[in-house]
Amino acid sequence: MIRSAFTLPDSDPFLKTCLNNNPWLKEYTAKQPETDRTPDETDRGGWRGYDRVYSNFISKFKNDKLDILEIGVHAGFGVLAWTNYFQNSKVYGAEIDFKNWIHSYDSILKNHNDFSRANIFQMDSTLKSEWIRCINVKFDVIIDDGSHLPQDQIATLENGWNYLKSGGYYFIEDISSRYTKPSKKDVFDYLKKLEGVKLLKIYSQPLS
C-alpha cells in the first residue's frame, strides 16, 4: 500500500470488523513479524492500518453496485470481508494456488451466504495471457494482495491496469523489503519505474 502524505481518518467500524473476520486469526497473527499486534486483528484491520486507507477511499461506495477484484485469495477471508461489506457488489478473487482456499471453503466459507456472491478462479496475475483467458469484465476496485514481490506487483499492474474502469481504484498491499532482497527504498524505486504517475492518479480521481 502506498503511504499517504496526510493523516487518514478513523476507519468505518463495520469495515474493520469485516477485515478482522478470520476464524484462524490468533494462529495468523502469531506468525506476523510486526510489533504491537494483537491476536484480535489482522494486518488489514489492525496494525498496518489498511482499514483506514480503504475506509477513506472506497467505503463511501459500499452501497453501490461495484465489480471488485482481489488478487491473492489465499484462504479466502479477504474476499469474504469484501462480500460482507459491499452487499450489492460482485467480488472476484484470483489465486494461483487453490490449496488454502479449498481447505477454508470446505470447512468455513461455504456456510456464509455472502460468499455465494464471490467468484474465485485460478490465475497467474503476472501473465497477460491469463488475464485474457480469465477476465471479461472491468473493475471499479482492484486489490493486489498477491506474492508481494516487487517484480510480480509490477507485472500485475501492467496487466491489470487495462481492466480497471476509468476513475477506479487500484491498491497494492505490502510493498516491502520483507519479501525480497532489496531495501525498502529499492523496492519503491523499482515500483516507480512502472509509470508512477498512474499510481498517484488513483488517489485523485473519483469513481465514475
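The values are calculated or read from the model by the stated rules, or taken from the named source; none is laboratory data. Quick caveat, the model's predicted, so the values are computed rather than measured. Please note: Cβ atoms are built from the backbone with ideal geometry, for glycine as well, and neighbour counts cover all protein chains shown. For accessibility, only protein heavy atoms count, side chains too; no ligands or nucleic acids. Shrake-Rupley method; radii C 1.70, N 1.55, O 1.52, S 1.80 Å.
When residues of segment 1-21 are filtered for being part of a loop (DSSP other than H, G, I, E, B) and either open to solvent by 80 Å² or more (accessible area, probe 1.4 Å) or at pLDDT below 75 (or both), how many remain?
9
Only one of these is without any contact (Cβ under 8 Å) to a residue 40 or more places away in the chain, assigned to a strand (DSSP E or B) and within 14 Å of the chain's Cα centre (by Cα): Val141, Val91. Name it.
Val91
Would you say Asp114 is of a type in the set (Asp, Glu) and in contact (Cβ under 8 Å) with a residue 60 or more places away in the chain?
Criteria not met by Asp114.
Which condition from (1) touching a helix residue (DSSP H, G or I) at 6+ places or on another chain (Cβ under 6 Å); (2) open to solvent by 70 Å² or more (accessible area, probe 1.4 Å) is the one that Gln151 breaks?
Just one mismatch for Gln151, condition (1).
Report the residue count in segment 156-170 for those that are surrounded by fewer than 19 Cβ atoms within 10 Å (Cβ to Cβ) and without any contact (Cβ under 8 Å) to a residue 40 or more places away in the chain.
3
Within segment 107-140, track down each residue that is open to solvent by less than 30 Å² (accessible area, probe 1.4 Å) and closer than 30 Å to Ser183 by Cβ.
Ser125
Could you check Asn100 against (1) open to solvent by 20 Å² or more (accessible area, probe 1.4 Å); (2) part of a loop (DSSP other than H, G, I, E, B) and say which number it fails?
(2)
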